[in-house]
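Enquirer: Just dropping this structure here.
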Number of protein chains: 2
Amino acid sequence: MADADVPTLVEQARQGRPRAVARLISLIEGDSPRLREVMAALAPLAQGAYVVGVTGSPGVGKSTSTSALVSAYRRAGKRVGVLAVDPSSPFSGGALLGDRIRMSEHASDPGVYIRSMATRGHLGGLAWAAPQAIRVLDVAGCDVVIVETVGVGQSEVEIAAQADTTMVLLAPGMGDGIQAAKAGILEIGDVYVVNKADREGADATARELNHMLGLGEARAPGDWRPPIVKTVAARGEGTDEVVQALEKHRAWMEEHGVLAERRMRRAAGEVETIAVTALRARIGDLHGDRRLGALAERVVAGELDPYAAADELVAGVTERAAGA
Amino acid sequence: MADADVPTLVEQARQGRPRAVARLISLIEGDSPRLREVMAALAPLAQGAYVVGVTGSPGVGKSTSTSALVSAYRRAGKRVGVLAVDPSSPFSGGALLGDRIRMSEHASDPGVYIRSMATRGHLGGLAWAAPQAIRVLDVAGCDVVIVETVGVGQSEVEIAAQADTTMVLLAPGMGDGIQAAKAGILEIGDVYVVNKADREGADATARELNHMLGLGEARAPGDWRPPIVKTVAARGEGTDEVVQALEKHRAWMEEHGVLAERRMRRAAGEVETIAVTALRARIGDLHGDRRLGALAERVVAGELDPYAAADELVAGVTERAAGA
């Protein structure tokens with residue numbers, strides 16, 4: 001389509017027009033030259049949508065659970081955005097036909113935006129794009145933005161860190177306890193869900209999780225104790241309890257100043273990443289200048305140690321900055 | 001022990017004294033203030049040891065293979081350094097007693113240095129320390145330095161990238177093909193070893209690997225075609241063939257200028273990492289100044305978009321640099 005200018009797209013997105021929302025997210029994903037313009041236009045329009053991260057190993061039923069969660073929030077009259085950064089998600093087009101059909105009910109609902117983000121290419125780019133896509137969905141009037149990620153790998157954990165509340169899904173009989181511990185998932189969950197709770201081993205999984213999380217131990221008053229909710233998402237069972245657990249966590253965060261603190265930390269991390277990337281790009285320019293290559297040559301030859309070489313590189317970056 | 005000064009330690013390391021070697025690596029690992037002094041002293045003494053990376057999933061027999069490789073190089077009269085960055089390695093103290101006993105034969109050999117590097121703490125620190133530890137072993141007169149890593153996770157792959165030749169180990173019947181593909185291991189191997197080749201499925205694993213590597217396809221003349229060697233490392237079977245494959249790869253790299261190119265690229269990466277870390281540290285100082293916090297607050301409030309905030313941060317870094 002012929003492209004509208006950024007102010008027009010942002011105004012259309014604010015009115016909730018899906019094509020403008022999609023177009024803005026594409027601009028962000030593509031690292032468009034207009035990215036900065038988009039971000040500047042979005043900033044003053046921020047609404048502060050509640051961001052829920054949904055993560056878990058492949059096969060635990062993330063997309064089915066996300067779909068059930070969307071339905072529950074829709075029943076409560078909320079507008080919902082879904083950002084799927086999961087290569088196996090039906091949103092991303094890679095999963096079972098059954099799931100895809102199940103999700104398509106939301107595709108025709110004007111109160112729901114669904115967007116998949118490609119995990120092809122380097123993941124750093126994705127962790128970078130996700131918070132900006134969340135901003136677009138926020139400006140488009142979403143009360144809740146659900147970010148669905150596969151719970152494996154550092155980058156996905158970083159994306160989960162973009163959420164206000166992180167919900168970790170497990171399923172019985174997948175050796176998830178150990179897998180979860182490996183992926184560091186036990187450190188990031190605010191709410192745990194044992195899905196497929198009609199299967200054998202669901203109670204054992206919940207018990208193991210309870211034990212691993214140390215939920216039996218005493219905590220300071222006011223500390224958050226992650227609840228463990230059992231669901232059968234495919235039949236919508238337990239979804240209302242999940243929403244209650246999420247809203248309880250949100251209320252707890254607001255009461256204790258944790259929500260403001262998390263959002264501050266998130267913004268700080270984002271600003272820092274952009275700044276470091278900008279500085280790294282300047283080194284990259286030097287790379288193009290062959291300055292880095294020349295320094296590396298001297299390091300290999302033993303004429304220079306890597307620290308002394310790095311000093312020259314840093315000096316080059318800041319000289320350039322002074323000259324710019 | 002009372003600490004000798006850096007020039008004395010470096011001179012003792014150059015003479016091959018194990019305690020000085022160990023002490024220098026500890027200084028590097030600990031990110032000591034004397035790190036820069038150590039690196040500056042080592043640079044002119046570089047010998048250009050041949051660095052072999054050994055990687056593979058847990059259970060494929062990495063430490064047994066490394067031990068067999070050490071024996072083979074020792075028989076050829078070479079001095080060998082081993083850097084084990086593998087939490088499950090007997091060098092790191094976390095594995096089977098049988099393996100540990102098998103390795104202890106080298107512990108009393110003055111021509112072998114064995115050093116484990118902790119993977120506790122953040123892995124970035126390890127990827128950082130490994131190339132510098134390699135330099136110490138090089139200066140200590142090692143002809144060959146073997147870097148043993150677990151082949152899972154991005155950081156380990158980065159460590160493998162520190163090697164001149166990367167040897168990827170697999171074992172039959174572990175579903176390694178798929179695991180290997182996931183971990184990106186198929187892109188990094190120069191030499192592949194199917195260990196435990198006396199077990200059922202060894203031929204199938206080699207065939208699958210051959211297929212996945214596309215070894216049946218035509219290549220340009222002069223291209224390197226990664227060999228697949230079958231071994232039973234526990235009995236020393238196939239180890240001589242592994243050494244031949246490694247030396248063949250080394251000769252090919254030298255003939256085609258690949259060795260010099262890899263070392264250049266490695267040095268460039270190292271210098272760049274140190275420079276980016278230095279720039280990031282300056283942002284960290286600003287963080288301490290609460291400047292980043294103040295910017296993040298304005299981003300959360302919608303007064304500033306993250307790019308504009310990052311611009312201010314970058315300006316702060318370069319101002320400081322100009323002022324320093």
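Enquirer: Working carefully through the options B:Arg34, B:Arg17, find the one that is open to solvent by 10 Å² or more (accessible area, probe 1.4 Å), within 14 Å of another protein chain (Cβ to nearest Cβ) and of a type in the set (D, E, K, R).
Expert: Working: B:Arg17 fails: within 14 Å of another protein chain (Cβ to nearest Cβ).
One residue alone meets the criteria, B:Arg34.
Enquirer: Can you pull out the residues in the range A:42-69 that are β-branched (Val, Ile, Thr), under 20 Å from A:Pro18 (Cβ atoms) and at pLDDT below 95?
Expert: Just the residues of the range A:42-69 that are β-branched (Val, Ile, Thr), to begin with: A:51-52, A:54-55, A:60, A:64, A:66.
Right, trim to under 20 Å from A:Pro18 (Cβ atoms) and you get A:51, A:66.
Once the filter is applied, which keeps residues that are β-branched (Val, Ile, Thr), under 20 Å from A:Pro18 (Cβ atoms) and at pLDDT below 95, the range A:42-69 yields only A:Thr66.
Enquirer: Quick one: in the range B:240-266, which of the residues that are open to solvent by 90 Å² or more (accessible area, probe 1.4 Å) and within 14 Å of another protein chain (Cβ to nearest Cβ) is modelled with the lowest pLDDT?
Expert: B:Arg265
Enquirer: Please tell me if B:Gly61 is open to solvent by 10 Å² or more (accessible area, probe 1.4 Å), within 14 Å of chain A (Cβ to nearest Cβ) and either at positive phi or of a type in the set (S, T, N, Q) (or both).
Expert: no
Enquirer: Oh, and also: Can B:Ile274 be described as within 14 Å of another protein chain (Cβ to nearest Cβ) and open to solvent by less than 60 Å² (accessible area, probe 1.4 Å)? If you could, list the steps in order and put the result at the bottom.
Expert: Values: within 14 Å of another protein chain (Cβ to nearest Cβ): yes; open to solvent by less than 60 Å² (accessible area, probe 1.4 Å): yes.
The answer is yes for B:Ile274.
Enquirer: Filter the range A:209-231 down to the residues that are within 17 Å of A:Val193 (Cα to Cα) and open to solvent by 80 Å² or more (accessible area, probe 1.4 Å) and list them by number.
Expert: Across the range A:209-231, the qualifying residues are A:His211, A:Arg225, A:Lys230.
The values are calculated or read from the model by the stated rules, or taken from the named source; none is laboratory data. Computed from a predicted model, the values in this text were never measured in an experiment. Positions of Cβ are backbone-derived with ideal geometry, glycine not excepted, and every protein chain shown enters the neighbour counts. We work out accessible area using only protein heavy atoms, side chains counted, and drop any ligands, DNA or RNA first. Shrake-Rupley method; radii C 1.70, N 1.55, O 1.52, S 1.80 Å.
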